[in-house]
1. Using the structure shown, decide if ALA429 is in contact with a helix residue (DSSP H, G or I) (Cβ under 8 Å, 6 or more places away or on another chain), over 30 Å from ALA539 (Cα atoms) and touching a residue at least 24 places away in the same chain (Cβ under 8 Å).
2. Restricted to the stretch 511-565, and to residues that are in contact with an Asp or Glu (Cβ under 7 Å, 6 or more places away or on another chain) and surrounded by fewer than 17 Cβ atoms within 10 Å (Cβ to Cβ), which residue is modelled with the highest pLDDT?
3. Where in the stretch 389-480 are there helices (runs of 4 or more DSSP H), lying wholly inside it, with at least 1 residues that are out of contact with any strand residue (DSSP E or B) (no Cβ under 9 Å at 6 or more places or on another chain) and among the acidic types (Asp, Glu)?
4. Condition first: surrounded by fewer than 18 Cβ atoms within 10 Å (Cβ to Cβ), at pLDDT below 95 and assigned to a loop (DSSP other than H, G, I, E, B). Can you find one or more residues in the stretch 18-36 that meet it?
5. What is the one condition in (1) at positive phi; (2) in a helix (DSSP H, G or I); (3) not hydrophobic (A, V, I, L, M, F, W, C) that THR56 does not satisfy?
6. Scan the stretch 547-555 and tell me whether some residue there is farther than 30 Å from VAL48 by Cβ and assigned by TED's automatic domain parsing to the domain that holds ASP405.
7. Note down all Cβ pairs under 6 Å where the first residue falls in the stretch 473-494 and is in the same structural domain as LEU463 (by TED's automatic domain parsing), the second is part of a loop (DSSP other than H, G, I, E, B) and hydroxyl-bearing (Ser, Thr, Tyr), and they're at least six residues apart or on different chains.
8. Go through the residues of the stretch 455-475 one by one and say whether even a single one is over 58 Å from the mean Cα position of the chain (by Cα), among the polar types (S, T, N, Q) and more than 15 Å from PRO337 (Cα to Cα).
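The values are calculated or read from the model by the stated rules, or taken from the named source; none is laboratory data. None of these values were measured; they are calculated from a predicted model. Quick reminder, even Gly has a Cβ in these numbers, built from the backbone with ideal geometry, and neighbours come from all protein chains shown.
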Amino acid sequence: MSPLIMGRTKVKGMSAEELVERSSALGGALESGAAQLDPARAADAAAVIDKVTARTALSGNHTVVALAGATGSGKSSLFNALVGDAVATVGARRPTTSRPVAAVWGDDDATDLLDWLQVAQRHHVVGDAAGQQAGEKGRAAQGWNLDGLVLLDLPDFDSRVEAHRHESERVLQLVDVFVWVTDPQKYADARLHDDFLKVLATHDAVTVVVLNQADRLSADSVQQVRGDLGRLTAEDGIAGVQVLATSATTRAGLDELGMRLGTAVAARNAAQARLAADVRATAGRLRADVADSEVTLPDDVDTELVDALSRAAGVPTVVAAVERDYRNQAWSRTGWPFTRWVRALRPDPIKRLRLNTRDSVEEKLALTAGDVRSVLGRSSLPPPTPAARAAVDLATRAVGDRAADGLPHRWAEAVSDAATPPGPELADALDQAVVGTSLRMRAPLWWRAFGVAQLLLSLVAVLGLGWLVVLVVLGWLALPRIDTPSLGPVPYPLLMFAGGLLLGLALAAVARWVARIGARRRGHVIRRRLTEAVSGVAAERIAGPVRAVLARHRTTREGLDRAAA
């Protein structure tokens, strides 16, 4: 309900608790919006929040009404007529009013409120002074009940003195109700309409428009000018406003204006209505700095980004080293025992990268040098190539572009910055992710089976060779021959020797083939582990910050919508 017109329902009333809630929502939006909100509008919003806090802490029994107008509009005369005493200075010299003048009705102390308004000149209206003077002028008062009214006569808002204009604008930021006083000569003045009525169009619930000095016009002219002023006010955005025609000389229209002010005082919600309008207007202006929605990132990190980061982190190099290490270990444990020692002369590909050592293949729970390096050291992986770095840049830029779709410029920049962390930090995180990924896996059972089989075949070959040597020595010494069992024409010693060697070589060839298959499988497992580690870095260093910016945008938008509701 409008605090000025009983029964008006265009503007929803607001309790002090709801006002504080809306103000808190605006404050939360400012905090979450941070640098992504327009600095000037954010500063205005912060000032509104401070004003809400200060005004709601002051007396709730007073309603502050300001008479504001251009030079020569008769504000001071109208002020004196309402007060019933010559409190404000009236004269032909312009400007006449240089400082705000306050008139206070009622017995409640308004000192703190006027101190906050910084109004030094104060007048306490005793009794029904206005009504008494009205009676003396021959126009009976209509029962104005203005207890709790603080009426201000402001300097001219178009004064040639800059300090007067600034003072008028300062006080207008703080009052509860606006009474815009104009006259037949200046009612269409651009300063009134463009700088005040249009800017405060959302404050229609606490706005009164007065055509003063109506005694200078005929009755028909008064109606014509009132209609034209109402049309201009509607074009300013304040639709349905009723223009009051007054005259401080004849006291015409004072009763209606006094009733309007009495209604505002009796409602005791003009301050909340003004502050609520301030919060709504400020939130509405800030709303231009946020979008109507924001992108929701999927839970899974973008595949292209993970692939690019994996290449930059050297995952293919690590996987290749793991496969080579697997093959080397497999051949050293399952190859032909008589040539197995040659494998020991080859460098360890895992050690060369300063990753997990070979000992960790079977010792799953052992603490290795690789574990210490995962905390304190770095790997010896080669730095990413220019092509890999370019792929990372493209992938992160793509993530930022998708997340920033539809966002205002400042928010889009924040998303882009979040999606492209500093190079050294990201590179260090990727390196630590690779170093910290366990390359440990149990030795396959087939290694042991093939190894045992190779040992048995080698033993058979050695025994066969030994048997043959014994037979040769016996023959050379011309000793009695020993019957040698045979399989057909082939004696067992020769069969054992040749069979052990040939089967051992064949088993080594099979082991080499199986080792290649196992190396590829081991590479797939390690690649999956490393990719998960890289994906974790992408989620923490890229997707996480981007989600945080989008969450701030959502919080800001919801806070502004709540404040502007």
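1. No; evaluated as a whole, the condition is false for this residue.
2. Here the residue is ARG554.
3. In the stretch 389-480, the matching helices (runs of 4 or more DSSP H) lie at 409-419, 423-436.
4. Among the residues of the stretch 18-36, not one is surrounded by fewer than 18 Cβ atoms within 10 Å (Cβ to Cβ), at pLDDT below 95 and assigned to a loop (DSSP other than H, G, I, E, B), which makes the answer no.
5. (1)
6. yes
7. That search, which allows pairs on different chains as well, returns PRO491/THR484.
8. The answer is no, given that none of the residues of the stretch 455-475 is over 58 Å from the mean Cα position of the chain (by Cα), among the polar types (S, T, N, Q) and more than 15 Å from PRO337 (Cα to Cα).
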